[in-house]
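Structure record follows, encoded as structure tokens.
Just so it is clear, none of the values below were taken in a lab; they were calculated from the coordinates. In this text the structure is predicted, and so the values were computed from the model without any measurement. Glycine also receives a Cβ, built like all others from the backbone with ideal geometry; neighbour counts cover every protein chain displayed.
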Amino acid sequence: MVQTIKGLVLCGGQSSRMGTDKGLIQKDGKTWAEIAHNKLTDLGIDTFVSVHPTQQQNYKSIFPASTLVIDSLPLRGPLAGLLSAHQKFPQTDWLVLACDLPDMQPEVLKLLRQQYTQATDYDCFVFESEGEAEPLCDIYKAVGLQKILHLFQQNELPKHSMKYVLDVCRTYLIPLPDDFKTTFQNYNAPEDLGRRGFGF
């Protein structure tokens with residue numbers, strides 16, 4: 001059976017170091033959430049936005065309510081959003097992009113999707129740079145997410161980090177070309193924004 005692939009923008013983090021919701025920071029008149037959403041929809045896939053319940057009202061003013069996936073599991077971090085999306089669409093594979101990667105380029109996403117279509121015997125597809133996985137711009141297949149959800153429901157998931165998920169699943173590591181490394185620049189604190197002229 002051919003799996004469906006959808007896009008998921010992760011916006012549900014606490015943004016405690018930034019001091020404001022990172023998905024709502026603006027660049028060129030658009031929020032980071034909208035920028036990420038547009039990059040995924042430009043691939044021709046239906047795209048959803050993952051948010052915590054406390055963010056729901058703010059994001060309803062930007063996106064149709066039908067495109068929001070509200071965290072529904074007692075988890076913290078990105079895994080809450082990813083597994084909530086899996087519960088909503090259990091047969092779907094997810095191309096995931098964190099909202100705080102505003103420098104992500106379409107060529108990176110296209111390479112990721114190409115690897116996903118060619119290597120079929122894996123659960124996750126993730127870029128690797130200098131021995132470290134980049135877990136917030138990846139593809140997670142439904143079969144792997146079902147495995148993780150089952151472990152969680154059986155109280156057998158000792159860690160809730162995305163990197164632990166990659167260790168548990170059959171993960172295909174994609175060497176990140178040097179030309180693409182800057183696209184994974186993460187912005188965690190207000191001082192990081194000054195380097196690129198972002199505004200709130």
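Per-residue ellipticity at 222 nm for the chain, helices alone: DSSP H runs ≥ 4 residues times -39500 (n - 2.57), over residue total, nearest 500 deg cm²/dmol?
Estimated from H runs of four or more residues: -9000 deg cm²/dmol.
When V165, V143, V69 are ordered from fewest to most other Cβ atoms inside 10 Å of their Cβ, what list results? Write down the numbers at each step before the final one.
Values: V165 27, V143 14, V69 24.
Ranking V165, V143, V69 by Cβ neighbours within 10 Å, fewest first, gives V143, V69, V165.
Around L68, which amide H atoms from residues at least 5 apart in sequence, or from another chain, sit under 5 Å from its own amide H, with H modelled in the peptide plane?
It is V49, by chain and number.
Once phi is turned into θ = phi - 60°, what whole-Hz ³J(HN,Hα) does the Karplus curve with 6.51, -1.76 and 1.60 give for every residue of the range 38-47, x standing for Gly and Pro?
5, 5, 6, 5, 5, 7, x, 10, 4, 10
Quote the charge dipole size of the range 4-185 about the Cα centre in Debye, to the nearest 20; the model charges only the Cβ of Lys and Arg (+1) and of Asp and Glu (-1).
Around 540 debye, computed over the range 4-185.
What is the set of long-range amide H partners of R170 at a cut-off below 5 Å, with H atoms built 1.01 Å from backbone N?
Amide H neighbours of R170, under 5 Å, 5+ apart: D123, C124.
Using a Gaussian network model on the chain with a 10 Å cutoff between Cα atoms, which of K159, K110, K141 fluctuates the most?
Result for the chain, Cα springs under 10 Å: K159 fluctuates most.
By counting other Cβ atoms within 10 Å of each Cβ, how are D121, D93 ranked from fewest to most?
Listing D121, D93 from fewest to most nearby Cβ atoms yields D121, D93.
Among the DSSP beta bridges whose two residues both lie in the chain, what percent are antiparallel, rounded to the nearest 5? Can you show the working numbers first?
Details: 13 of 32 bridges.
Within the chain, antiparallel bridges account for around 40 percent of the total.
In this model, which of K141/K181; K6/K88; K39/K181; K22/K181; K141/K163 are farther than 19 Å apart at the alpha-carbon?
Details: K141/K181 24 Å; K6/K88 12 Å; K39/K181 17 Å; K22/K181 21 Å; K141/K163 15 Å.
Correct reply: K141/K181; K22/K181.
Given that just one value was derived from the coordinates, which of (1) 18.9; (2) 17.0; (3) 16.1 is Kirkwood radius over Cα pairs in Å?
(2)
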